[in-house]
Amino acid sequence: MKNNDLNRRDFIKMTAAAIGGLIGTVIGIPSVAYLLSPSLRAEEDADSIALGPLENYPIGVPTRFDFTRTKVNGWERTATNYGLFVFRKSESEVRVFSDICTHLACRVNWHPDIQHYISPCHDGHFDITGKNISGPPPRPLDEFITKIEDGNLFVTLPPFKRDA
Ligand code: FES
């Protein structure tokens, strides 16, 4: 009788442990996978940014284009705003400049009346090709590598520095 009690007690303990282990596994594995998945996920791949049809950009007139890029690194999300100017020199020749002033990173604006990009912070001036021409900016506006595919314009991030 006593032997039977022990066996029954052991059986109940083992069954409870097995059910507990099973519940732990069923709940635990997906939970751990959920918590770890952001750190295992590959970084978002979108170094090429679509700027739309080239024909949207008039020849000879720098045209502004803004976009926000969100980078996901593990649990961390970082949104970066980009502003750029598309300068279409001819039917097929196009250059794209960053709107970040090379002095202290204010955003430049295009002034068609004098054909300059002007940084409002310290009156830095750049010509239509982004070359620094007056004020404190030490070098031209950064430029993006461009690609035209099926009539659509793309730029590659990040922009590159040009020589002074
Ligand atoms: S930040 Fe542009 S001139 Fe100083």
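Just so you know, all these numbers are worked out from the coordinates, no wet-lab data involved. Small disclaimer: the values here were computed from a predicted structure and weren't measured.
Each DSSP beta bridge with both residues in the chain is either parallel or antiparallel, and the antiparallel ones are about 95%. Relative to the first principal axis of the alpha-carbon coordinates of the chain, what is the inclination of helix 2-40, with its axis defined by its Cα atoms, in degrees from 0 to 90 and to the nearest 10? Rounded to the nearest ten degrees, it is 0.
A straight Cα-to-Cα reach below 27 Å connects Lys13 with the lysines Lys2, residues fewer than 8 places away in its own chain not being considered. May I ask you to list the lysines whose Cα is less than 20 Å away from that of Lys147, ignoring any residue fewer than eight positions away on the same chain? Output for Lys147: Lys89, Lys161. Kirkwood radius and radius of gyration were both taken over the C-alpha atoms of the chain, and their ratio Rg/Rh is 1.47.
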